[in-house]
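Data first, discussion second: the structure below is written as structure tokens.
The values are calculated or read from the model by the stated rules, or taken from the named source; none is laboratory data. Quick caveat: nothing in here was measured; it's all calculated off a predicted structure. With ideal geometry, Cβ positions are generated from the backbone for all residues, glycine too; neighbour counts draw on all protein chains shown. Accessible surface is based on the protein model in full, side chains and every heavy atom, while ligands, DNA and RNA are left aside. Shrake-Rupley method; radii C 1.70, N 1.55, O 1.52, S 1.80 Å.
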Amino acid sequence: MDPNPRSHGHDARAAGPYRVVQWATGGVGAHALRAVLDHPGLALAGVRVHDPAKAGVDAGMLCGSSVTTGVTATTDVDEILALGPDCVLYMPRLFDVDDVCRLLVAGINVVTTHGDLRHPDTVDPAVCARVEAACWFGGASILSTGIAPGFVTETLPVALSSIQRSIDRMSIEESVDLAEPGTSRLLLETMGFGAAPAPFDEQRLAHAEQTFGPSLRLVADAVRLPLDGFDVLGEVALAEHDVPLECTTLAAGTVAAQRITVSGRRAGRVLLRLRSTWYCTSALRPAWPVRATGWHVAIDGETPIEMDLRYPADPSGMSAMSPRYAANRAVNAVAYLCAAPPGIRTTLDLPPLTANLG
């Protein structure tokens, strides 16, 4: 018997409304909660919070909506399980495999913005086996849509590969102009801007590989060119002149730009490369090419192509808007995951995600 009878033969979005629980209402979670309330194919069943001060508060108030929903938040996981929702949007600060497995065993699908399960083949085998067993026991599935990775690092490159018959290299570049209004002095100091140059922290480089590596592996798997491994490089550039910013001034000769490059190797050459660059000025030593805040995707191959994506918004409002890029994709994935067979699912397992705006 098919453990998930909704998984075949029809448009997943037509099977709703799906009953959804929002788990955590932080930066991304609050935006996801608001999106669930506005989604015609979803119905809010409950809200899980960690802060006791939020317990009993109406969901509308937690996400800044003027609508009173009648659904109040709880800190009790058992209460969430008792609701029997179709799906949980799982967005706490830390990924807890115990909580996730409890949901899956109970037959509750999980969409998460955490990247722990993005590429199952490279997850700790014991963790992967445990989650898969929970999925099959409950007839449920789990999908990681990611916060930083996701559409630009997986879906878009895979779509662009459809016009290729050979690929020499695929590059994905993220650029962030920190000279824009709204950047905090604390952020700059924490990242080492305005300081003397120093070797990149090894933990930060390892985190970059953990964050972006699974997405690069998924893209490589999609085109049947699996990667052999990664090289990670951290670099800094110095200010040619004093750089006056809204919150401080970076002295000439101090760090004014940083970049981390994660390169995926296959057969001794770089096949996929993702580079994140943060900068406060274009007058750098050494001279680096810098782009406006956004993404640049390029494929060198039989049919070379490049694409730029920009955020056409007031820079001072970007910090408030940027969580929606992660939240909305996760919400739009709910119907597709609920219709999928049990197991750990990835971008490559599901149809292209489209929004239900009806």
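For Arg273, indicate whether it is in contact with a Ser or Thr (Cβ under 8 Å, 6 or more places away or on another chain), of a type outside the set (Val, Ile, Thr), under 18 Å from Gly213 (Cα atoms) and open to solvent by 10 Å² or more (accessible area, probe 1.4 Å).
Numbers: in contact with a Ser or Thr (Cβ under 8 Å, 6 or more places away or on another chain): yes; of a type outside the set (Val, Ile, Thr): yes; under 18 Å from Gly213 (Cα atoms): yes; open to solvent by 10 Å² or more (accessible area, probe 1.4 Å): yes.
For Arg273, the condition - in contact with a Ser or Thr (Cβ under 8 Å, 6 or more places away or on another chain), of a type outside the set (Val, Ile, Thr), under 18 Å from Gly213 (Cα atoms) and open to solvent by 10 Å² or more (accessible area, probe 1.4 Å) - is met.
Grab the helices (runs of 4 or more DSSP H) fully contained in region 29-108, keeping just those with 2 or more residues being among the β-branched types (Val, Ile, Thr). Lay out the reasoning, then the answer.
On the way: elements: 59-62, 77-83, 97-105.
Passing ranges, in order: 77-83, 97-105.
Is it the case, given these coordinates, that Tyr325 is aromatic (Phe, Trp, Tyr), modelled with pLDDT under 95 and either open to solvent by less than 50 Å² (accessible area, probe 1.4 Å) or under 20 Å from Ala159 (Cα atoms) (or both)? Break it down into steps so the answer makes sense when it comes.
On the way: aromatic (Phe, Trp, Tyr): yes; modelled with pLDDT under 95: yes; either open to solvent by less than 50 Å² (accessible area, probe 1.4 Å) or under 20 Å from Ala159 (Cα atoms) (or both): yes.
Spelling it out, Tyr325 is indeed aromatic (Phe, Trp, Tyr), modelled with pLDDT under 95 and either open to solvent by less than 50 Å² (accessible area, probe 1.4 Å) or under 20 Å from Ala159 (Cα atoms) (or both).
Can you pull out the residues in region 151-180 that are assigned to a strand (DSSP E or B) and open to solvent by 60 Å² or more (accessible area, probe 1.4 Å)? Let's see the steps before the verdict.
Of the residues in region 151-180, the ones assigned to a strand (DSSP E or B) are 167-177.
Of everything in region 151-180, those that are assigned to a strand (DSSP E or B) and open to solvent by 60 Å² or more (accessible area, probe 1.4 Å) turn out to be Asp168, Arg169.
Could you tell me whether Thr183 is open to solvent by less than 60 Å² (accessible area, probe 1.4 Å), within 26 Å of Arg329 (Cβ to Cβ), part of a loop (DSSP other than H, G, I, E, B) and among the hydroxyl-bearing types (Ser, Thr, Tyr)? Please lay out each step first, then the result.
Details: open to solvent by less than 60 Å² (accessible area, probe 1.4 Å): yes; within 26 Å of Arg329 (Cβ to Cβ): yes; part of a loop (DSSP other than H, G, I, E, B): yes; among the hydroxyl-bearing types (Ser, Thr, Tyr): yes.
Taking the combined requirement at face value, the residue satisfies it.
From the list Ala222, Ala198, Ala134, which residue is of a type in the set (Gly, Ala, Ser), open to solvent by 60 Å² or more (accessible area, probe 1.4 Å) and modelled with pLDDT of 90 or more? I'd like the intermediate steps shown before the answer.
Details: Ala222 fails: open to solvent by 60 Å² or more (accessible area, probe 1.4 Å); Ala134 fails: open to solvent by 60 Å² or more (accessible area, probe 1.4 Å).
Being of a type in the set (Gly, Ala, Ser), open to solvent by 60 Å² or more (accessible area, probe 1.4 Å) and modelled with pLDDT of 90 or more holds for just one of Ala222, Ala198, Ala134, which is Ala198.
Residue-wise test of (1) surrounded by 20 or more Cβ atoms within 10 Å (Cβ to Cβ); (2) more than 19 Å from Ser144 (Cβ to Cβ); (3) at pLDDT below 95.
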{"residue": "Ala14", "(1), (2), (3)": "no, yes, yes"}
{"residue": "Arg19", "(1), (2), (3)": "no, yes, no"}
{"residue": "Gly46", "(1), (2), (3)": "yes, yes, no"}
{"residue": "Ala55", "(1), (2), (3)": "no, yes, no"}
{"residue": "Ala59", "(1), (2), (3)": "yes, yes, no"}
{"residue": "Thr72", "(1), (2), (3)": "no, yes, no"}
{"residue": "Glu79", "(1), (2), (3)": "no, yes, no"}
{"residue": "Cys101", "(1), (2), (3)": "yes, no, no"}
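Where residues in region 81-95 are more than 16 Å from Lys54 (Cβ to Cβ) and modelled with pLDDT under 95, which of them is surrounded by the most Cβ atoms within 10 Å (Cβ to Cβ)?
Among those that are more than 16 Å from Lys54 (Cβ to Cβ) and modelled with pLDDT under 95, it is Phe95.
Quickly run through region 108-126 and pick out the residues that are more than 20 Å from the chain's Cα centre (by Cα) and open to solvent by less than 50 Å² (accessible area, probe 1.4 Å).
Result: Ile108, single match.
Condition first: free of Cβ contacts under 8 Å to residues at least 40 places away in the same chain and under 20 Å from Thr211 (Cβ atoms). Now tell me which residues in region 71-106 satisfy that.
Selection gives Leu94, Phe95, Asp96, Val97.
Collect the residues in region 126-148 that are out of contact with any Lys or Arg (no Cβ under 7 Å at 6 or more places or on another chain) and in contact (Cβ under 8 Å) with a residue 40 or more places away in the chain, keeping them in residue-number order. Write out each step before concluding.
Start the filter on region 126-148 by keeping residues that are out of contact with any Lys or Arg (no Cβ under 7 Å at 6 or more places or on another chain), which leaves 126-140, 147-148.
Within region 126-148, Cys128, Val131, Glu132, Cys135, Trp136, Gly138, Gly139, Ala140, Ile147, Ala148 meet the criteria.
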